[in-house]
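The structure appears right after this line, and notes come after that.
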Amino acid sequence: MTHLAAFYDNPDWTLARNVGIFFLAILWFATAFWTFKDARRRIEEPWFIALATLIGLVPPFLGPVIYLFFRPPEYLQDVLERDLEIKAMEERLAQLDQRCPVCRARVEPSYLVCPVCTTRLKQSCASCGQPLEALWQLCPYCAAVVPPVLPVLEDVSEPIRPTRSTRANE
Ligand SMILES: [Zn+2]
Ligand SMILES: [Zn+2]
């Protein structure tokens, strides 16, 4: 027993032990810091990032392993990019699937009026007759200037009723 006590009192052993503790502490903080960095890339909520960092600190070394089991599978950046991709795809699909604002019937981009409810959808070019978008200032098909005052919005909200006018003519 006295031999053992003498061994522990040995200054070399004390130094080796302190160096060992020092490196263990560095490793401990490094693993906790890794947990924090990884959590920040995967978790949006600051409270959960703090919790993950705490788990990364305590219990030492085991905490980051526990964190690995429960961390979100994806980086926030990847989730964001995928969401943007889905949104862009939906917009492309929406452009393919244009509908009448009044009766929701499917209409082609070239339609001037809705064939179902006769709502005016677009103005036609006075020069070439092509359908014009509401914001266009020049006709892209014949380069004719589109008259600036266009009652397009009123036309959209107020359906044209040819049946009534023909009936009035009779
Ligand atoms: Zn319609
Ligand atoms: Zn034109």
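Structure values in brief
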item: Label point distance in nm, Arg41-Leu138, each placed 7 Å from Cα along Cα→Cβ; result: 4.8 nm
item: Contour minus Cα-Cα distance for Cys128 and Val79 (0.36 nm per residue); result: 13.0 nm
item: Derived scalar couplings ³J(HN,Hα) [the range 22-32; Karplus, 6.51 cos²θ - 1.76 cosθ + 1.60; whole Hz; x for Gly, Pro]; result: 4, 5, 4, 5, 4, 5, 4, 5, 5, 5, 5
item: DSSP-loop GluC sites (Glu not before Pro) across the range 51-151, with at most 13 other Cβ within 10 angstrom; result: Glu74, Glu133
item: The range 55-60 - phi-based ³J(HN,Hα) in whole Hz, Karplus 6.51/-1.76/1.60, Gly and Pro as x; result: 5, x, 7, 10, x, x
item: Percentage relative contact order, the range 2-76, counting C-alpha pairs under 8 Å, at least six apart; result: 28 percent
item: Spin-label pair Arg99/Phe22, simplified geometry with 7 Å Cα→Cβ offset, distance in nm; result: 7.1 nm
item: Residues whose placed amide H lies under 5 Å from that of Cys125, excluding near-sequence neighbours; result: Gln130, Leu132
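We did not get these values from a lab; they are worked out from the coordinates using the rules stated. If you're wondering where the values come from, they're calculated on a predicted model, not measured in any experiment. Backbone-built Cβ (ideal geometry, glycine too); neighbour counts: all protein chains shown.
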